[in-house]
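Peer 1: One structure, as structure tokens, below. Some questions next.
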Amino acid sequence: PLAYYTLLWLWMGIFGQSLIAIRMLSILAGVASVYIIYRISLELFDERTAQLAALIASLAPFQIHYAQEIRMYAFMTMWLLLATLTCLRGMRTGYWGWWALFSVASALAMYTHNLAAFYLITLAIIPIIKRDWISIKSVTMAGLLSVLLYSPWLVQLPAQFAKVQQNYWVERPDLSKL
């Protein structure tokens with residue numbers, strides 16, 4: 001999807017095309033992710049646990065790697081973490097603003113990478129597991145708003161999947177490969 005590459009194009013237009021300038025975009029998303037992990041942990045636990053979670057996240061090899069890579073993964077992580085935080089706060093407070101931000105973060109995550117939808121579906125199941133009927137209604141409405149925000153790209157998905165299937169770089173395994 002177009003979100004990361006559009007943002008990268010705008011970023012390069014402002015800050016230039018040096019390797020440091022281009023990588024800085026993902027670095028900022030990686031730093032924001034560590035902060036959001038801190039906020040999620042603070043929401044669920046206490047200050048000490050939140051600090052430890054942020055420290056672990058800041059030292060995690062995958063986090064460091066993707067925060068330096070010129071790809072969309074740091075942004076997908078950041079948007080999904082923001083969706084998690086806003087979902088948790090929405091369930092705790094019931095405030096519609098958190099659910100609206102959840103919708104936006106969810107749509108941005110899907111605009112960043114199609115596979116974000118699997119995480120978001122799992123996240124939306126939490127109120128069902130908790131049997132939190134008010135939050136079920138809220139997450140459903142927020143999910144519908146997220147799909148509405150993502151709908152302009154939905155018409156592109158079949159063509160995008162067809163291109164991936166047609167031009168995939170790994171040969172499909174058959175029985176002889178097994």
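Peer 1: Cα atoms only, the stretch 1-51: Rg and Dmax in Å?
Peer 2: 15.1, 42
Peer 1: How long are the semi-axes of the equivalent ellipsoid of the stretch 27-81, defined as square roots of 5 times the Cα gyration tensor eigenvalues? Whole Å, largest first.
Peer 2: Gyration-tensor ellipsoid for the stretch 27-81: 21, 11, 7 Å.
Peer 1: A follow-up question, please. Among 55, 98, 80, whose Cα lies farthest out toward the positive end of the dipole of the stretch 45-178, if unit charges sit on the beta carbon of Lys, Arg (+1) and Asp, Glu (-1)?
Peer 2: Farthest towards the positive end: 98.
Peer 1: Suppose R0 equals 45 Å; then what is the FRET efficiency for residue 93 and residue 59 from their Cβ-Cβ distance, rounded to the nearest 0.05?
Peer 2: Efficiency at R0 = 45 Å is approximately 0.90.
Peer 1: Once you have all Cα-Cα distances for the chain, histogram them in 5 Å bins from zero and send the whole-percent values.
Peer 2: In whole percents, the pair-distance histogram is 1, 8, 14, 16, 17, 16, 13, 8, 5, 2, 0, 0.
Peer 1: Arrange the peptides 67-76, 90-99 so that the one whose residues have, on average, the most other Cβ atoms within 10 Å appears first.
Peer 2: Averaged packing, sorted descending, gives the order 67-76, 90-99.
Peer 1: Distance between Cα centroids, the stretch 42-74 to the stretch 99-178: provide it in whole Å.
Peer 2: One Cα centre to the other: 23 Å.
Peer 1: Counting other C-beta atoms within 10 Å, and keeping those with at most 11, which DSSP coil chymotrypsin sites (Phe, Trp or Tyr not before Pro) do you find in the stretch 136-178? Walk me through the intermediate numbers first.
Peer 2: Numbers: sites: 150, 153, 161, 168, 169; in loops: 168, 169.
In loop regions of the stretch 136-178 (DSSP not H, G, I, E or B), the sparsely surrounded chymotrypsin sites (Phe, Trp or Tyr not before Pro) are 168, 169.
Peer 1: On average, how much accessible surface per residue is there in the stretch 1-94, in Å², for a 1.4 Å probe, leaving out ligands, DNA and RNA? Write out the running numbers ahead of the final one.
Peer 2: Values: 5310 Å² over 94 residues.
On a per-residue basis, the stretch 1-94 sits at 57 Å².
Peer 1: Charges only on Cβ, +1 for Lys and Arg, -1 for Asp and Glu: so what's the dipole of the stretch 48-178 about the Cα centre, in debye to the nearest 20?
Peer 2: Result for the stretch 48-178 is approximately 340 debye, rounded to the nearest 20.
Peer 1: Based solely on its DSSP helices, what 222 nm [θ] is calculated for the chain when runs of n ≥ 4 H residues each add -39,500 (n - 2.57) and the sum is averaged over all residues, nearest 500 deg cm²/dmol?
Peer 2: -27500 deg cm²/dmol
Peer 1: Let me ask you something else. Give the peptides 29-41, 122-134, 103-115 in descending order of average Cβ contacts within 10 Å, highest first.
Peer 2: Numbers: 29-41: 20.4, 122-134: 13.2, 103-115: 22.5.
Ranked by mean Cβ neighbours within 10 Å, highest first: 103-115, 29-41, 122-134.
Peer 1: Separate question: Just order 77-86, 136-145 by mean Cβ neighbour count inside 10 Å, highest at the front, would you?
Peer 2: Taking the mean over residues of other Cβ atoms within 10 Å, the ranking is 77-86, 136-145.
Peer 1: Related question: Could you name the lysines whose alpha carbon sits less than 28 Å from that of residue 177, not counting residues in the same chain fewer than 8 places away?
Peer 2: Qualifying lysines at Cα under 28 Å: 163.
Peer 1: For the stretch 67-139, state the semi-axes of the equivalent ellipsoid (square roots of 5 times the eigenvalues of the alpha-carbon gyration tensor), sorted largest first and rounded to whole angstrom.
Peer 2: Working through the eigenvalues yields semi-axes of 24, 12, 9 Å.
Peer 1: Shifting gears a bit: Using a Debye calculation, one point per C-alpha and no hydration shell, please list log10 I(q)/I(0) for the stretch 107-168 at q = 0.16, 0.22, 0.24 Å⁻¹ in order.
Peer 2: Per q value, in the given order, log10 I(q)/I(0) is -0.60, -0.91, -1.00.
The values are calculated or read from the model by the stated rules, or taken from the named source; none is laboratory data. The structure presented is a predicted model; accordingly, all values stated were derived computationally and were not measured. Neighbour counts are summed over all protein chains in view; Cβ atoms, including those assigned to glycine, are modelled from backbone coordinates with ideal geometry. Heavy atoms of the whole protein, side chains included, go into the accessibility calculation; ligands, DNA and RNA do not. Shrake-Rupley method; radii C 1.70, N 1.55, O 1.52, S 1.80 Å.
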